[in-house]
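The values are calculated or read from the model by the stated rules, or taken from the named source; none is laboratory data. Everything quoted here is computed from the prediction, not taken from an experiment. Counting neighbours? That spans all protein chains shown, and the Cβs are built from the backbone with ideal geometry, glycine included. Side chains included, ligands, DNA and RNA excluded: accessible areas come from the protein's heavy atoms. Shrake-Rupley method; radii C 1.70, N 1.55, O 1.52, S 1.80 Å.
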Amino acid sequence: MWVSSMREWIELTSLGIETLAVVIIAGAILFGSVRFLLQLLGKATDPFRVYKELIGRSLLLGLEFLVAADVIRTVALDLTPRSVGMLAALVVIRTFLSWSVEVEIDGHWPWQAEAVGGQVSR
C-alpha cells in the first residue's frame, strides 16, 4: 500500500500511534493479569498492588500516546477553531484521567511531594 499524499501519511501516522496506545494498554492488561495470577498461586506479597501499578502505568503511557495522536491529527490535518477546541477538551479530560491514575498509584497528587511516613514531605 503506497501513500499518495502527505495527508494520507499523517493520517496513517496518527492511526499508528493510536494503535500503539491500544496495544500498550491491552498488552499490559494481558501481561499483568497473567503475572497477577502467577503471583497469587506463588503466594507473593501484595500482588494486587503490583498489578494495579502496572495497569496504571500502562494507562498513563497509553493516554500520552493518544494525546500525541490527537495533536498530530489536529495540528497537521484539521487546524480549525472547532478542532482546536475539541483537542483542548480531550487534553483536559485525558490530563484529569492521568492525574486520577497517578493518585491511585502513588497516593498523592502529581504536584505534591511524595508522602513519607504517612505525611506529605515539603
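Checking Val91, Val50 one by one, the residue that is open to solvent by 40 Å² or more (accessible area, probe 1.4 Å) and either in a helix (DSSP H, G or I) or of a type outside the set (S, T, N, Q) (or both) is Val91 and no other.
Leu37 falls short on exactly one of the conditions (1) loosely packed, with under 13 Cβ neighbours inside 10 Å; (2) not in a helix (DSSP H, G or I), and that condition is (2). Arg57 falls short on exactly one of the conditions (1) within 19 Å of Asp106 (Cα to Cα); (2) open to solvent by less than 80 Å² (accessible area, probe 1.4 Å), and that condition is (2). Taking the numbered list (1) hydrophobic (A, V, I, L, M, F, W, C); (2) in a helix (DSSP H, G or I); (3) open to solvent by 80 Å² or more (accessible area, probe 1.4 Å) in turn, Trp111 passes all entries but (2).
Out of curiosity, is Val67 over 21 Å from Glu102 (Cβ atoms), β-branched (Val, Ile, Thr), under 22 Å from the mean Cα position of the chain (by Cα) and part of a helix (DSSP H, G or I)? No. Output the residues belonging to the stretch 47-64 that are more than 8 Å from the chain's Cα centre (by Cα) and among the polar types (S, T, N, Q). Scanning the stretch 47-64 gives no hits.
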